[in-house]
Amino acid sequence: MKIKLSLMLACLVSLNYGQAQRDSTFFFRADVSVTNNGFSIIPAFTLGDPAAFLDMRMGNKRWSFEPQFRYALEGRPWSFIFIYRYKAIIKPKFQLSFGGHLPGLNYVTRTVLINGIEEELSVARRFLALEIIPTYKVSDHVSVGVYYLRGHGFQKHGPQNSNFLSLQGNFTKIKLTGKTYVSFNPQLFYLKVDADDGFYVNATTTFGIRDFPITISGIVNKAIASEIPAQDFDWSINLIYTLDKQFILK
């Protein structure tokens, strides 16, 4: 399984590089945010404390590199994920993307004894993952899609095998009054982590003002039926600053 994941991820990187030579329009986006509650849809990765995020996207029409850096507000690392994505099909109504997390790092705090003194250290857990993302565009502001992720952990003190499958709806920048808008992104998903599994519903609601870089986002997550040890209900509020640029190489 480890060899197969590595080979498929290597193929994705090769496809990305080749396509980059043929598309000279590049974009760069960075979202800097703070939240009252750093939680993950995979419960074993949940922080449960206030956190800060730096999520970036850069690439062209076909490919993107999307690293994510997340820290507890006290300064210790929470997770680093290096995501590569390739759009294999781009049609007016339909898109199909493949992606890889190469790698994903999740940090947990462990107490260790050093020279007779107890110290709390951050220990990195390493993961690889593959993802498939088909999306159908209903209108300029509405789309639906499926997201599948298959993850594998390399250590014994954490999840070994994860499967995540969700049905997603995207209602993007729906006008309210004046320049204000709301985006709503619900999803129904199935999660299997090693021997345990469960069904959940999740939704993100974002309020913003057009041409203004700051937005406010709220996330709720509710278990429908689950054997996975975690809270049945979780939520967070995020304050987000966005930088969004495009470049043309000459």
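Hey, could you check segment 210-250 for residues that are acidic (D, E) and not in a strand (DSSP E or B) and say which is farthest from Y200 (Cα to Cα)? Spell out how you get there, then give the answer.
If we filter segment 210-250 for residues that are acidic (D, E), which is where we start, we get 211, 227, 232, 234, 244.
Now restrict to residues that are not in a strand (DSSP E or B): 211, 227, 232.
Working: D211: 34, E227: 11, D232: 9 Å.
The extreme case among them is D211.
Among the residues of segment 103-141, those identified as part of a strand (DSSP E or B), over 19 Å from F65 (Cβ atoms) and of a type in the set (G, A, S) are S122, A124. Scanning segment 179-197 for residues that are among the small types (G, A, S) and at pLDDT 95 or above yields a count of 1. Among the residues of segment 41-78, those identified as assigned to a helix (DSSP H, G or I) and buried (at least 19 other Cβ atoms within 10 Å of the Cβ) are P43, F45. Taking the conditions (1) at pLDDT 85 or above; (2) of a type in the set (S, T, Y); (3) within 19 Å of R125 (Cα to Cα) in turn, T35 satisfies each one other than (3).
I'm checking my understanding of the structure. Among residues of segment 208-250 that are within 26 Å of P159 (Cβ to Cβ) and of a type in the set (V, I, T), which one is surrounded by the fewest Cβ atoms within 10 Å (Cβ to Cβ)?
Looking at the filtered set, the residue picked out is I224.
Taken together, G75, G100 contain a single residue that is in contact (Cβ under 8 Å) with a residue 40 or more places away in the chain and among the small types (G, A, S), which is G100. For segment 89-112, filtered to residues that are over 17 Å from the mean Cα position of the chain (by Cα) and of a type outside the set (A, V, I, L, M), the residue that is nearest to V142 (Cα to Cα) is K93. Would it be correct to say that Y147 is free of Cβ contacts under 8 Å to residues at least 40 places away in the same chain, surrounded by 15 or more Cβ atoms within 10 Å (Cβ to Cβ), in a strand (DSSP E or B) and of a type in the set (F, W, Y)? Judged against the criteria, Y147 is not a match. All of L7, L12, L73 fail the test of being farther than 27 Å from L165 by Cα, modelled with pLDDT under 95 and hydrophobic (A, V, I, L, M, F, W, C), apart from L73. Scanning segment 193-207 for residues that are over 19 Å from S217 (Cα atoms) and crowded, with 17+ Cβ neighbours inside 10 Å turns up V193, G198, Y200. Residues of segment 175-203 that are farther than 19 Å from F233 by Cβ and out of contact with any Phe, Trp or Tyr (no Cβ under 6 Å at 6 or more places or on another chain): L176, T177, G178, K179, T180, Y181, S183, K192, D194, A195. Restricting attention to segment 21-60, the residues that are closer than 27 Å to Y148 by Cβ, touching a residue at least 60 places away in the same chain (Cβ under 8 Å) and polar (S, T, N, Q) total 4.
The values are calculated or read from the model by the stated rules, or taken from the named source; none is laboratory data. Keep in mind that what you see is a predicted model, and the values were worked out from it rather than measured. In this analysis, Cβ positions are derived from the backbone assuming ideal geometry, glycine residues included, and neighbour counts consider all displayed protein chains.
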